[in-house]
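A.B. asks: Take a look at this one; I'll ask things after.
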Amino acid sequence: MGEQKISSLVTGGAASAGPPLGPALGPLGVNIMEVIKAINDKTKDFEGMKVPVIVIVDSDTKKYEIQVGIPSAAALIMKEAGIQKGSGASGTEWAGDITMDAAVKVAGTKLEKSYATSLKSVTKTIVGTCVALGIKIEGKTPKEITAEINEGKWDSKFQ
């Protein structure tokens, strides 16, 4: 019969045997609680964030493998800023502030999964996401930071 794949979006560290996972796993004959516990172990670093996961089950042996995706850039940025949601009025209200190190850290997480060639270009994308969320970087607006990145002011961070 081969493999069955179940893709789902779970809250990091808080997946449950309820829908959508439980009902999907049930027919595959795996120990649902065991799979849920494994998912929560693998996603606990992303607590409170929506994390894409794929459970691959071998129909014959009932062995399973769990692949964890990376939460969206927005979710990672909000975690760094320590906020639950972005500003409702981006550009006029600021919901938080992150350090350049935090922006680079998020970019590094995303770089593995992106088609960009450099940490610098991904960081610029992350800074762009900060605009929409109403988050400043180093106390400056994303626009100011982007200009500084373009001028090479932060190049030491991208080594």
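A.B. asks: Within region 134-149, take every residue that is of a type in the set (A, V, I, L, M, F, W, C) and touching a helix residue (DSSP H, G or I) at 6+ places or on another chain (Cβ under 9 Å) and give me the one that is nearest to residue 94 (Cα to Cα).
C.D. replies: First, pick out the residues of region 134-149 that are of a type in the set (A, V, I, L, M, F, W, C): 135, 137, 145, 147, 149.
With the extra rule that they be touching a helix residue (DSSP H, G or I) at 6+ places or on another chain (Cβ under 9 Å), the set shrinks to 135, 137, 145, 149.
Details: 135: 6, 137: 11, 145: 15, 149: 21 Å.
Residue satisfying both the conditions and the ranking: 135.
A.B. asks: Would you pick out the residues in region 132-159 that are of a type in the set (A, V, I, L, M) and surrounded by fewer than 16 Cβ atoms within 10 Å (Cβ to Cβ)?
C.D. replies: At the first step, the residues of region 132-159 found to be of a type in the set (A, V, I, L, M) are 132-133, 135, 137, 145, 147, 149.
Answer for region 132-159, where residues must be of a type in the set (A, V, I, L, M) and surrounded by fewer than 16 Cβ atoms within 10 Å (Cβ to Cβ): 132, 147.
A.B. asks: Name the pairs: first residue in region 108-137 and at pLDDT 95 or above, second residue acidic (Asp, Glu) and in a strand (DSSP E or B), Cβ to Cβ under 6 Å, at least 6 apart or on different chains?
C.D. replies: Short answer, once both residue conditions are applied: 136/97.
A.B. asks: Run down 103, 147 and say which single residue is assigned to a helix (DSSP H, G or I) and over 17 Å from residue 78 (Cβ atoms).
C.D. replies: On the way: 103 fails: over 17 Å from residue 78 (Cβ atoms).
Step by step, each of 103, 147 is checked, and only 147 is assigned to a helix (DSSP H, G or I) and over 17 Å from residue 78 (Cβ atoms).
A.B. asks: Please return the ranges of strands (runs of 3 or more DSSP E) entirely within region 1-99 where 3 or more residues are in contact (Cβ under 8 Å) with a residue 24 or more places away in the chain, open to solvent by 50 Å² or more (accessible area, probe 1.4 Å) and in contact with an Asp or Glu (Cβ under 6 Å, 6 or more places away or on another chain).
C.D. replies: On the way: elements: 3-11, 50-58, 64-68, 96-98.
Filter on region 1-99 gives an empty set.
A.B. asks: Does region 115-123 contain at least one residue that is within 30 Å of residue 4 (Cβ to Cβ) and outside any helix (DSSP H, G or I)? Spell out how you get there, then give the answer.
C.D. replies: Here is the first cut: in region 115-123, the ones within 30 Å of residue 4 (Cβ to Cβ) are 115.
From the residues that got through so far, the ones that are outside any helix (DSSP H, G or I) too are 115.
Yes, region 115-123 contains at least one residue that is within 30 Å of residue 4 (Cβ to Cβ) and outside any helix (DSSP H, G or I).
The values are calculated or read from the model by the stated rules, or taken from the named source; none is laboratory data. Computed from a prediction, not measured in an experiment: that's the story for all the values here. FYI the Cβ positions are ideal-geometry reconstructions off the backbone, even for glycines, and counts take in every protein chain you see. The area values use the complete protein model at the heavy-atom level, side chains included, leaving out ligands, DNA and RNA. Shrake-Rupley method; radii C 1.70, N 1.55, O 1.52, S 1.80 Å.
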